[in-house]
Structures are given as structure tokens and as C-alpha cells.
1. Could you list all residues from segment 322-331 that are farther than 12 Å from Leu354 by Cα and either surrounded by fewer than 24 Cβ atoms within 10 Å (Cβ to Cβ) or without any contact (Cβ under 8 Å) to a residue 60 or more places away in the chain (or both)?
2. Report whether or not Pro92 is within 23 Å of Leu79 (Cα to Cα) and either surrounded by fewer than 21 Cβ atoms within 10 Å (Cβ to Cβ) or in contact with a Ser or Thr (Cβ under 7 Å, 6 or more places away or on another chain) (or both).
3. Give me the pairs, please: first residue somewhere in segment 22-38 and at negative phi, second residue anywhere and buried (at least 16 other Cβ atoms within 10 Å of the Cβ) and not in a helix (DSSP H, G or I), beta-carbon distance under 6 Å, and either six or more positions apart or on two chains.
4. Give just the number: which of (1) in contact with a helix residue (DSSP H, G or I) (Cβ under 6 Å, 6 or more places away or on another chain); (2) buried (at least 20 other Cβ atoms within 10 Å of the Cβ) does Ala343 not satisfy?
5. Just checking, which of Leu282, Leu278 is at pLDDT below 90, within 19 Å of Ala436 (Cα to Cα) and of a type in the set (A, V, I, L, M, F, W, C)?
6. Would you mind listing the helices (runs of 4 or more DSSP H) fully within segment 164-268 where at least 3 residues are crowded, with 18+ Cβ neighbours inside 10 Å?
7. Please work out which one of (1) closer than 28 Å to Met203 by Cβ; (2) at pLDDT below 85; (3) not polar (S, T, N, Q) is the condition Val27 fails and give its number.
Amino acid sequence: MNPKQIILIVTTISAFLAPFMTSSINVALPSIGREFALTSVELGWIASSYLLASAAFMLAFGKLADIYGRKRIYRAGMLVYTAGSALSAFPPSAPVFIAFRAIQGIGGAMILGTGVAILTSVYPGNQRGKVLGINIASTYSGLSFGPVLGGILTEQFGWRSIFWLNVFAGLVIFALILLFVKDEWKGAAGERFDAFGAVLSWMTLIPLMIGVSRLPKVDGTLLICVGFASLLGFIFWENRVAAPLLNLHLFAQNRVFALSNLAALINYSATFAVSFLLSLYLQYIKGFSPQQAGMTLIAQPVMMAIFSPICGRLSDRMSTRTLASSGMAMIVVALGLLALITAQTPIPFLVGVLVLLGIGFALFSSPNTNAVMGAVEPRFYGIASATLATMRSTGQTLSLGIATLVFALFLGNNKITPELHPPFLQSVQLLFLLFAALCVVGTFASLARGKQS
């Protein structure tokens with residue numbers, strides 16, 4: 001097995017691992033809460049501290065990878081991620097647990113911010129779509145299979161088994177890198193790191209992501225205002241510093257890069273909450289058990305895993321604009337159909353829509369990622385990979401934030417009891433309509449990138 005194949009295997013496993021951690025831990029939260037007698041706020045922070053740390057540090061580590069070496073940052077990230085996983089298996093208290101999850105998230109940022117950059121550095125342009133398709137299939141599979149596998153692990157072996165699985169996989173990946181990957185890739189060697197820009201990026205992303213999750217409360221609005229104020233400061237600074245953390249000319253002068261990232265942000269904002277909403281629908285409205293709900297929802301990730309590599313290969317031969325825009329349009333149709341669900345909706349209809357949604361995801365994501373990485377010079381691979389990963393994390397947070405806001409408006413701060421099933425169903429229908437409308441905008445953004453992409 002040659003080093004390129006080892007790199008593909010390593011990045012594919014890690015692309016599954018980090019998203020799997022994000023989605024599987026949600027299933028384990030009730031068990032964790034019972035063991036430690038945690039409040040809902042503490043449970044929320046255990047779930048979100050990983051995502052916050054991961055998103056906040058993504059750009060910084062993407063730039064550091066370009067300067068000091070992508071393999072070096074990736075390998076160090078695997079150690080940090082594995083250590084965070086091991087520590088999280090034995091937390092002495094809730095605050096320490098939250099800190100351990102943040103450490104795990106920082107490791108995740110180091111991995112996710114460089115994995116795609118390494119693949120793009122190793123494989124030539126005519127093979128890039130194929131390997132990125134495999135990588136994306138693994139990412140989506142991790143996000144979607146997480147609730148299913150996490151539920152089984154928690155039920156059979158306890159919630160700590162989720163973290164130990166991550167420890168084992170992390171050690172295997174680290175050993176493979178150490179033994180078989182000898183090359184290094186530096187796109188911006190010798191360039192100065194923009195530390196102040198990194199701080200400003202943290203001051204932008206963290207308040208925005210926390211603020212969205214706190215809506216419609218006043219502190220949520222205030223945090224969002226702080227985030228936007230920091231964003232303006234970030235833009236001002238990055239346009240004036242000699243070696244910026246994020247070269248904003250990539251957005252101002254590179255239409256394909258800018259609109260492909262915008263389309264990705266919209267796509268994740270409109271789709272990440274789908275499995276969350278349908279899981280609640282199946283359990284509260286249809287009376288399914290968590291395992292039954294997970295087995296129903298598995299139709300979507302199966303389609304994504306099957307079609308992402310195929311769509312990636314197609315993007316090496318066809319216009320990424322055509323493929324990605326078609327995928328986004330397919331997602332619009334699927335979300336529109338989901339907005340029609342009622343208490344009487346047959347399960348075969350739901351599975352059929354999930355199949356359509358999974359194919360749409362695959363059609364969009366692989367070609368869109370190929371377009372982003374193909375639109376920049378090799379010296380920008382790290383920051384381009386990190387930017388796209390930041391769009392994913394931010395979009396995921398926005399998606400859940402929108403769902404939380406609509407639930408607050410329809411249900412208030414109440415548990416979902418049988419008496420509240422009608423307004424719950426109305427809120428789910430409205431959310432799918434909003435997400436479909438958002439993807440209509442995303443389709444136009446994808447088309448606007450130009451025929452050359």
C-alpha cells in the first residue's frame with residue numbers, strides 16, 4: 001500500500017470520527033445527565049463546547065498548517081483529540097467535563113482544518129474529486145450514523161464507550177501517520193502568523209454561535225451584536241495586515257471560492273437540523289423508540305455514503321457548478337416534501353424523501369468541495385480547507401439555532417407533551433419550509449459562481 005493510499009485511509013477515518021463524536025454524544029446526554037445530576041444548561045455545554053472550540057480554532061490551525069506543515073498540525077491534532085477523548089471518559093465534574101470536551105474540539109479543529117488540504121496536496125487535480133468524494137461520504141456518514149451507533153454503544157456498554165472508541169481510532173490513525181507518511185506540505189513556509197487576527201476570529205465566532213443558541217433571549221441578541229462588531233474589526237484588520245490569517249481577497253476577487261463557501265454555509269444551515277427534527281417527530285408523533293427512529297433515518301446517510309464518491313468522480317469530468325446546483329435543487333424539493341408531513345404521513349414516504357435528500361447532499365457536497373479547493377493556489381490549501389470546515393461548523397450551529405428559536409416561539413420553555421404535539425408539528429413544518437426557502441437562495445448562489453467552475 002503506497003503513502004497516498006495510507007493518507008486517504010487516515011483522512012477518511014478521521015473525517016468520520018470527529019463528526020461522529022459530535023452527533024453521537026447527543027444520544028448519550030440523558031445517561032450522562034443522570035450519572036452526574038447535571039442541569040439542562042450543563043448538558044447543553046457538554047454538547048456544544050466541542051463544536052464551539054472546533055469552529056473557533058479552525059481558521060487558526062488551517063493557517064498554521066500552511067506555514068509550519070499540514071502533516072505536523074494534523075498529527076498533533078490527532079494527539080490532542082485522542083487525549084481529550086480519554087480525559088472525557090472520566091470527568092470528575094461538569095465544568096471539567098466541559099473543559100475536556102473543548103480540548104477534544106481543539107484537536108478536532110486541527111484535524112478537520114487540514115485533512116482536505118492534505119488530500120488536495122497529495123492527489124492531482126484529475127483525481128481530486130474522487131478522493132474528496134470519499135472524504136465527504138465519510139464526514140456525512142459520521143454525522144448521520146452517530147445517533148444510531150452512539151445509541152447502541154450507550155445502551156450496550158455505557159456512554160464512556162463512545163469516547164473509548166475515539167481513543168482507539170485516534171491511536172491507530174496516529175500510528176499510521178508516524179509509520180507511513182513521511183512527506184510534509186507547507187504552502188506558506190516562512191510567513192508570519194497573524195495572532196491578532198486569530199483572536200478577532202475567536203471573538204467573532206464564539207459570541208455568534210453562543211448567541212444564536214440563546215435566541216430569542218436578550219443575552220442571545222447582545223452576543224450576536226458583539227460577534228458582528230468583532231467581525232467588522234476582523235475585516236478591517238485582515239485588509240491591512242501584511243500576512244493575514246484569512247486573505248479576504250480570496251472572497252473579493254475569487255468568485256468561485258466565495259460563492260462555493262457561501263453555498264456550503266447555506267446548505268449546512270438548512271440541513272443539519274433535519275435529522276434532529278425527524279428524530280423528534282418519529283419519537284413524539286409516531287411513538288418510535290430511539291433505535292427505531294435511528295434505523296428509519298439511516299436511509300439518508302446510506303445514500304450519501306454511496307453517491308458521494310460517485311459524484312466526486314463526476315466532478316473531475318463535469319462542471320462542479322452544474323452538479324452542485326442540481327444537488328441543492330434536489331434538496332429544495334426534499335425539504336419542501338418534508339414540510340408536508342403530518343401525524344398520518346406513512347413511513348415509506350418519509351424514507352423515500354430521505355433517499356432523495358441523501359442523493360442531493362452527495363450531488364452538492366463533493367463537487368462543491370472540489371470547486372473550493374480547485375479555486376485556490378497550493379499555498380492556500382490549508383486555509384481554504386479550514387474556511388470550508390468553518391462554514392460547516394457555523395452552518396450546523398445556525399441550523400440548530402433556527403430550530404431552537406422556532407420551538408421557543410411555538411412551544412415556549414415546555415417539554416413536548418401530547419397536548420403540545422399539534423404546535424410541535426406546526427413548528428416542524430414551518431422549519432422545513434424555512435430551510436427549503438434557504439436552499440433556494442443557496443441554489444442561486446451555487447449557480448452564480450460562473451460557468452468556468
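The values are calculated or read from the model by the stated rules, or taken from the named source; none is laboratory data. The structure presented is a predicted model; accordingly, all values stated were derived computationally and were not measured. So basically every Cβ, Gly included, is an ideal-geometry build from the backbone, and we count neighbours across all protein chains shown.
1. Step one: filter segment 322-331 for residues farther than 12 Å from Leu354 by Cα, giving 322-329.
Result: Thr322, Leu323, Ser326, Gly327, Ala329.
2. Working: within 23 Å of Leu79 (Cα to Cα): yes; either surrounded by fewer than 21 Cβ atoms within 10 Å (Cβ to Cβ) or in contact with a Ser or Thr (Cβ under 7 Å, 6 or more places away or on another chain) (or both): yes.
Against the criterion (within 23 Å of Leu79 (Cα to Cα) and either surrounded by fewer than 21 Cβ atoms within 10 Å (Cβ to Cβ) or in contact with a Ser or Thr (Cβ under 7 Å, 6 or more places away or on another chain) (or both)), Pro92 qualifies.
3. That search, which allows pairs on different chains as well, returns Ala28/Trp159; Ser31/Trp159; Ile32/Trp159.
4. Every condition holds for Ala343 apart from (2).
5. On the way: Leu282 fails: within 19 Å of Ala436 (Cα to Cα).
Result of the check over Leu282, Leu278: Leu278.
6. Values: elements: 195-214, 218-238, 249-252.
Result: 195-214, 218-238.
7. It fails just one condition, (1).
Residues are listed down the side, and each one gets a yes or a no for (1) outside the structural domain of Ala339 (by TED's automatic domain parsing); (2) surrounded by 15 or more Cβ atoms within 10 Å (Cβ to Cβ); (3) assigned to a helix (DSSP H, G or I); (4) at pLDDT below 85:
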{"site": "Phe407", "(1), (2), (3), (4)": "no, yes, yes, yes"}
{"site": "Phe410", "(1), (2), (3), (4)": "no, yes, yes, no"}
{"site": "Lys415", "(1), (2), (3), (4)": "no, no, no, yes"}
{"site": "Pro422", "(1), (2), (3), (4)": "no, no, yes, no"}
{"site": "Gln426", "(1), (2), (3), (4)": "no, no, yes, no"}
{"site": "Leu431", "(1), (2), (3), (4)": "no, yes, yes, no"}
{"site": "Val440", "(1), (2), (3), (4)": "no, yes, yes, no"}
